[in-house]
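Q: Could you have a look at this structure, given as structure tokens, before my questions?
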Amino acid sequence: MAELSTLDATKTAEGLASKTFTSVEVTQCYLDRIAQLNPRLNAYLTVSPETALSEAKAADERLAKGERGALLGVPIAVKDILMTLGIRTTAASKMLEHYQPSFDATAIKKLRAAGAVILGKTNLDEFAHGASTENSAYGTTKNPWDTTRVPGGSSGGSAAAVAADLCAAAIGTDTGGSIRHPAAFCGIVGLKPSYGRISRSGLLSMTSSTDVIGPMTKTVADAASLLFTMAGEDSLDQTTAPGTLSPEEFSAALSKKDLSGVTIGVPRSFINDGLLPGVAERFEASLEALKSIGATIVDIELPHAKYGIAAYYVITPSEISSNLARFDGIRYGHQSKTAKSLFDVYAQSRGEGLGPEVKRRIMLGTYALSAGYYDAYYKTAQKVRTVIVKELDAALTTCDLIATPTAPHVAFQIGKQSDDPLKMYLEDVFMSPASLAGLPAISVPMDFVASEDGVEMPTGLQLIGRRFDEAMVLGTAHLFEQHSDRIDRRPNLS
Ligand code: GLN
């Protein structure tokens, strides 16, 4: 039943509800496909067949009793930076190679309660530091559309798993673009919710002030149902927003017939530099598609957005240097076997356990936060952040959404940028402003575009909304998805 793996989450739930197949059958189908393709793609770091099949069995029992749910019995993949009770969680680091969490992240708890079946844990850049998944201590994930290319990052394993039909949907995390970027590179939907929409409890902290968990899916409707399941206030995360999402608000958003009354701002002077010509062309065609379904497209100015990346790459290492201090070989993580003194325990455990990009960020952050440099770097970056937040909020009083391409180009060759950290940091150029401001943003597939060397690869359209206005973001993306002239293709992995 190989075709079961091509179903999105909503269709899988429908098939389960109508008893066309069972959760055990669809789960087994994914496990077989993973066994066949994961050695080539390296999308999963850990596959958990026993727990998946027993969760599927439990879901089948609930279904047999007449229970129904958007995720009941639906097999999903989870980025290996979220705590999963009973399933190893490595953050793609040697530091946590054998780590077994003693609890589920709040988002995972909610997914399990809704009956989702967890197939396993997906690859990422170590501790989510990166934009290509090449920083994983366990090897790069391959882009299913062209296995010589990166899937984007840092949630590259989840994106590749969705694109290659190795799960019905996946969970990623986005600190400065890590859901949206791989979603664009792999031709799937990726939603970065508003900061505080989903509890971060049980998410291994990277940049606590911008980290969010979100869905990576085949369709916008699937993203909406996963968001819905994971969202809500949590006493374990004081930054979660009070109140829950209203189901009525969401079904209204997803059943809109056109975009009349919706104004979309395009910050042309921010995005026009350095776009791959094909991406620029697809972006214009996407704006036309949005216009044809009733949206009003207006030019807006975001003069400070270009400083987002600079501010982000001071703030992010600073928070990382603090958050990763706990991995010292004593409190958490790998402990060096050869250390002879207390100092050596720290130095060697961190030296052996952490990869080059993680070390680079810890050093940059420690420097930026140190006495004498704090005002010049960290404080200045926070001031720039405030300017960007105000600028985006002001722009979003004149329009409902801001549109940009998700990334300026298509997926690049493995190894092409890996020795150039600055170039890698520039991948986030269009995504970091929304992260700094905590705004919801989606990447939804535009059409395919030829890379510089002529290979057709997916691209993404980013739509940024007002804080907590995921309904507008999802509703618009849902209509765009149906009206864009995107060709329905699948990667050829036979
Ligand atoms: N590429 C960004 C970085 O390396 C984003 C990472 C993320 O969102 N986790 O920091």
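Q: Of the residues Thr122, Thr106, only one is surrounded by 19 or more Cβ atoms within 10 Å (Cβ to Cβ) and within 16 Å of the ligand (Cβ to nearest atom); which?
A: Result of the check over Thr122, Thr106: Thr122.
Q: Next up: Test Thr122 against the stated conditions and say whether it is among the polar types (S, T, N, Q) and either in contact with an Asp or Glu (Cβ under 9 Å, 6 or more places away or on another chain) or without any contact (Cβ under 8 Å) to a residue 24 or more places away in the chain (or both). Step through it out loud before you land on a result.
A: Values: among the polar types (S, T, N, Q): yes; either in contact with an Asp or Glu (Cβ under 9 Å, 6 or more places away or on another chain) or without any contact (Cβ under 8 Å) to a residue 24 or more places away in the chain (or both): yes.
Considered against the rule, which asks whether it is among the polar types (S, T, N, Q) and either in contact with an Asp or Glu (Cβ under 9 Å, 6 or more places away or on another chain) or without any contact (Cβ under 8 Å) to a residue 24 or more places away in the chain (or both), Thr122 comes out as yes.
Q: Next question. Does at least one position in the range 61-84 carry a residue that is of a type in the set (Asp, Glu), open to solvent by 30 Å² or more (accessible area, probe 1.4 Å), closer than 30 Å to Ser235 by Cβ and not in a loop (DSSP other than H, G, I, E, B)?
A: No, the range 61-84 contains no residue that is of a type in the set (Asp, Glu), open to solvent by 30 Å² or more (accessible area, probe 1.4 Å), closer than 30 Å to Ser235 by Cβ and not in a loop (DSSP other than H, G, I, E, B).
Q: Right, next: As an exercise: evaluate Asn492 against (1) in contact with a Ser or Thr (Cβ under 8 Å, 6 or more places away or on another chain); (2) open to solvent by 50 Å² or more (accessible area, probe 1.4 Å); (3) not acidic (Asp, Glu) and give the number of the one condition it does not meet.
A: With respect to (1) in contact with a Ser or Thr (Cβ under 8 Å, 6 or more places away or on another chain); (2) open to solvent by 50 Å² or more (accessible area, probe 1.4 Å); (3) not acidic (Asp, Glu), Asn492 is out only on (1).
Q: Away from the ligand (no atom under 16 Å from the Cβ), touching a Leu at 6+ places or on another chain (Cβ under 6 Å) and open to solvent by less than 20 Å² (accessible area, probe 1.4 Å): which single residue out of Ser286, Ser336, Ser349 fits that description?
A: Ser286
Q: If I ask for residues that are open to solvent by 10 Å² or more (accessible area, probe 1.4 Å) and of a type in the set (A, V, I, L, M), which ones from the range 85-95 would you list?
A: Residue satisfying the conditions is Leu85 alone.
Q: What helices (runs of 4 or more DSSP H), lying completely within the range 370-459, carry at least 3 residues that are more than 15 Å from the ligand (Cβ to nearest atom) and crowded, with 20+ Cβ neighbours inside 10 Å?
A: Counting at least 3 such residues, we get 380-398.
Q: Pairs please, first residue from the range 130-141 and among the aromatic types (Phe, Trp, Tyr) and more than 15 Å from the ligand (Cβ to nearest atom), second anywhere and in a loop (DSSP other than H, G, I, E, B) and at pLDDT 95 or above, Cβ atoms under 8 Å, 6+ apart in sequence or on different chains.
A: Within 8 Å, the pairs are Tyr138/Asn42; Tyr138/Thr90; Tyr138/Ala92; Tyr138/Asn123.
Q: For the range 312-324, indicate whether the set of residues that are in contact (Cβ under 8 Å) with a residue 12 or more places away in the chain, surrounded by fewer than 20 Cβ atoms within 10 Å (Cβ to Cβ) and under 28 Å from Gly187 (Cβ atoms) is non-empty.
A: Within the range 312-324, the first condition is being in contact (Cβ under 8 Å) with a residue 12 or more places away in the chain, and the residues that meet it are 312-324.
Subset that is surrounded by fewer than 20 Cβ atoms within 10 Å (Cβ to Cβ): 321-323.
Those still in the list that are under 28 Å from Gly187 (Cβ atoms) too: none.
Checked against the condition, which is being in contact (Cβ under 8 Å) with a residue 12 or more places away in the chain, surrounded by fewer than 20 Cβ atoms within 10 Å (Cβ to Cβ) and under 28 Å from Gly187 (Cβ atoms), the range 312-324 yields no hits at all.
Q: Here's another thing I want to ask about it. Do the conditions hold for Gly177, that is, is it open to solvent by 10 Å² or more (accessible area, probe 1.4 Å), part of a loop (DSSP other than H, G, I, E, B), near the ligand (Cβ under 10 Å from one of its atoms) and on the phi > 0 side of the Ramachandran plot? Working first, answer last.
A: Details: open to solvent by 10 Å² or more (accessible area, probe 1.4 Å): no; part of a loop (DSSP other than H, G, I, E, B): yes; near the ligand (Cβ under 10 Å from one of its atoms): yes; on the phi > 0 side of the Ramachandran plot: yes.
In short, no.
Q: Mind checking which residues of the range 25-48 are open to solvent by 50 Å² or more (accessible area, probe 1.4 Å) and in a helix (DSSP H, G or I)?
A: Glu25, Gln28, Asp32, Arg33, Ala35, Gln36, Pro39, Arg40 - these are the residues of the range 25-48 that are open to solvent by 50 Å² or more (accessible area, probe 1.4 Å) and in a helix (DSSP H, G or I).
Q: Condition test on Ser154, is it within 12 Å of the chain's Cα centre (by Cα), assigned to a helix (DSSP H, G or I), at pLDDT 95 or above and within 13 Å of the ligand (Cβ to nearest atom)?
A: no
Q: Applying the selection to the range 460-494, what residues are assigned to a loop (DSSP other than H, G, I, E, B) and small (Gly, Ala, Ser)?
A: If the condition is that a residue be assigned to a loop (DSSP other than H, G, I, E, B) and small (Gly, Ala, Ser), then Ser484, Ser494 are the ones that fit.
Q: Moving on to the next point. With Gly130, Gly153, Gly190, Gly157 as the choices, which residue is closer than 17 Å to Leu439 by Cβ and either surrounded by fewer than 24 Cβ atoms within 10 Å (Cβ to Cβ) or small (Gly, Ala, Ser) (or both)? Full working, then the answer.
A: Details: Gly130 fails: closer than 17 Å to Leu439 by Cβ; Gly153 fails: closer than 17 Å to Leu439 by Cβ; Gly157 fails: closer than 17 Å to Leu439 by Cβ.
Answer to the selection: Gly190.
Q: Of the numbered conditions (1) closer than 20 Å to Leu45 by Cβ; (2) within 13 Å of the ligand (Cβ to nearest atom); (3) over 12 Å from the mean Cα position of the chain (by Cα), Arg200 fails exactly one; give the number of that condition.
A: It is condition (1) that Arg200 fails.
Q: Tally up the residues in the range 362-413 that are closer than 30 Å to Gly294 by Cα and modelled with pLDDT under 95, please.
A: In the first step, residues of the range 362-413 are kept if they are closer than 30 Å to Gly294 by Cα; the result is 388-410.
Then drop every residue that is not modelled with pLDDT under 95, which leaves none.
Within the range 362-413, residues that are closer than 30 Å to Gly294 by Cα and modelled with pLDDT under 95 number 0.
Q: Does the range 193-219 hold any residues that are of a type in the set (Ser, Thr, Tyr) and open to solvent by 10 Å² or more (accessible area, probe 1.4 Å), and which are they?
A: Residues satisfying the conditions are Tyr195, Ser201, Ser205, Ser208, Ser209, Thr219.
The values are calculated or read from the model by the stated rules, or taken from the named source; none is laboratory data. Values in this document were obtained by computation on a predicted structure and should not be read as measured data. Ideal geometry is used to build each Cβ from the backbone, glycine not excepted, and the neighbour counts take in all protein chains shown. For accessibility, only protein heavy atoms count, side chains too; no ligands or nucleic acids. Shrake-Rupley method; radii C 1.70, N 1.55, O 1.52, S 1.80 Å.
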